[in-house]
Amino acid sequence: MSNGCRMRLGCCMPWPSEIRTAFPDQRSTGPAVEVIIQSNAEDGCVLGAKIIAKTVREKPDAVLGLATGRTPERLYRELVRMHREEGLDFSRVTTFNLDEYVGLPPEHRQSYRYFMNEHLFRHINIDLANTHVPAGTAQDLQAECRDYEERITAAGGIDVQLLGLGRNGHIGFNEPTGSLRSRTWIKILSEQTLNDNAAVFGDRDAMPRHAVTMGIGTIMEARQVVLLAFGPAKVRAVMEMIEGPLSAICPGSALQAHPRAIVVLDEASAAGLRYASHYRWVDQNKLAWQRYD
Ligand code: GLP
């Protein structure tokens, strides 16, 4: 299927049966992916924060899906600023993080629980009891995965899920070839991901090789998804995610079948996109209610 065909499919035709089967709860009628190209990562993070803040203002007891990594750090600083200066209220918000390294306790400086406490939770008025990160030290990891899914369901599902993008196209820790219908599970990290994240640990051998992560099926059930990807290292993954085939080889490409997926890029990460001028055109011609800024 050509790129042009796929884009038109999202607008006016029902999804092919194999995609409907893969994502039975989704009824897509909008564009495949809403691509917004900002001039730099700073602006991209501020826009991402505005989208999340809008959800929280409209629904004070919103359920947020959160991500870690270098990409969203600036977005969290913006949410903290909005809380302090604009009174953005997190007191009734619930959060679920995408993933956690197996074996790292919450107090470990490289654990994702530690990251979230440091970058967001301790700076805002959220009730820590309402913040969820998978327990990488659970005795029974499979039971932890099932329990995580049940907690998301009990909270009413995720209103907006924030995502980053791995250089190999992973979302959460869903590495290439993982099932597009996967639920929260244990993933073996790819060598590329180990190499990419090793700097944070100082030494690749000190890094866990496994992680608990929401599955792609779990992520696809979020009512809205906002993915951020910045910098030249993400060019290839961004191209494959947005304009490549929907394939488990690029887990992020699953978002092409999501009814409300927004991808926020900077000029550098968007450099390889064939339809970049079209995305800019669409963004420039949005009606007031279609904008997030
Ligand atoms: C990590 C995380 C992902 C993150 C990605 C990109 O391994 N599990 O959630 O989006 O890799 O990380 P970064 O933002 O540091 O480039």
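The values are calculated or read from the model by the stated rules, or taken from the named source; none is laboratory data. Remember, it's a predicted structure, so these values are computed and weren't measured experimentally. Note that each Cβ is placed from the backbone with ideal geometry, even for glycine, and that neighbours are counted across all protein chains shown. Side chains included, ligands, DNA and RNA excluded: accessible areas come from the protein's heavy atoms. Shrake-Rupley method; radii C 1.70, N 1.55, O 1.52, S 1.80 Å.
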Report task. Tell me, please, whether a residue that is more than 18 Å from the chain's Cα centre (by Cα) and not basic (Lys, Arg) can be found in region 180-189. Result -> yes
Report summary line: Counting only residues that are open to solvent by 20 Å² or more (accessible area, probe 1.4 Å) and more than 16 Å from the ligand (Cβ to nearest atom), region 56-84 contains a total of 8
Query raised in the report: For region 191-211, does any single residue satisfy the condition of being touching a residue at least 60 places away in the same chain (Cβ under 8 Å) and acidic (Asp, Glu)?
Result: no
Query raised in the report: Which of the following residues is out of contact with any Pro (no Cβ under 6 Å at 6 or more places or on another chain), open to solvent by 30 Å² or more (accessible area, probe 1.4 Å) and of a type in the set (A, V, I, L, M): Ala276, Ala271?
Result: Ala271
Query raised in the report: Taking Ala211, is it open to solvent by less than 40 Å² (accessible area, probe 1.4 Å), more than 9 Å from the ligand (Cβ to nearest atom) and either over 27 Å from Lys50 (Cα atoms) or not in a loop (DSSP other than H, G, I, E, B) (or both)?
Result: no
Report summary line: Residues in region 214-243 that are among the β-branched types (Val, Ile, Thr) and in a strand (DSSP E or B) total 2
Query raised in the report: What is the number of the single condition among (1) surrounded by fewer than 18 Cβ atoms within 10 Å (Cβ to Cβ); (2) within 9 Å of the ligand (Cβ to nearest atom) that Leu189 does not meet?
Result: (1)
Report task. Out of Lys234, Lys286, report the one residue that is within 13 Å of the ligand (Cβ to nearest atom), at negative phi and among the charged types (D, E, K, R). Result -> Lys234
Query raised in the report: Does region 194-206 include one or more residues that are open to solvent by less than 60 Å² (accessible area, probe 1.4 Å), under 17 Å from the mean Cα position of the chain (by Cα), small (Gly, Ala, Ser) and within 15 Å of the ligand (Cβ to nearest atom)?
Result: no
Query raised in the report: In region 158-167, is there at least one residue being small (Gly, Ala, Ser) and under 20 Å from the mean Cα position of the chain (by Cα)?
Result: yes
Report task. Scan region 247-269 and give yes if some residue there is in contact with a helix residue (DSSP H, G or I) (Cβ under 7 Å, 6 or more places away or on another chain) and acidic (Asp, Glu), otherwise no. Result -> yes
Query raised in the report: Checking Val160 against (1) away from the ligand (no atom under 14 Å from the Cβ); (2) more than 17 Å from Leu255 (Cβ to Cβ); (3) surrounded by 15 or more Cβ atoms within 10 Å (Cβ to Cβ), which test does it fail?
Result: (2)
Query raised in the report: Does any residue of region 101-122 turn out to be more than 16 Å from the ligand (Cβ to nearest atom) and crowded, with 18+ Cβ neighbours inside 10 Å?
Result: yes
Query raised in the report: What are the residues in region 163-182 that are charged (D, E, K, R) and either open to solvent by less than 10 Å² (accessible area, probe 1.4 Å) or within 20 Å of Arg236 (Cβ to Cβ) (or both), if any?
Result: Arg167, Glu175
Report task. Show the residue pairs that are 6+ apart or on different chains and have beta-carbon atoms under 7 Å apart, the first residue being within region 146-164 and in contact (Cβ under 8 Å) with a residue 12 or more places away in the chain and farther than 19 Å from Arg260 by Cα, the second being open to solvent by less than 40 Å² (accessible area, probe 1.4 Å) and more than 16 Å from the ligand (Cβ to nearest atom). Result -> Ala155/Val63; Ala155/Thr94
Report summary line: Among Leu88, Leu165, the single one that is under 22 Å from Arg223 (Cβ atoms), outside any helix (DSSP H, G or I) and within 12 Å of the ligand (Cβ to nearest atom) is Leu165
Query - Search result, residues across region 126-144 that are outside any loop (DSSP other than H, G, I, E, B) and either open to solvent by 40 Å² or more (accessible area, probe 1.4 Å) or more than 16 Å from the ligand (Cβ to nearest atom) (or both) - result: Leu128, Ala129, Asn130, Thr131, Leu141, Gln142, Ala143, Glu144
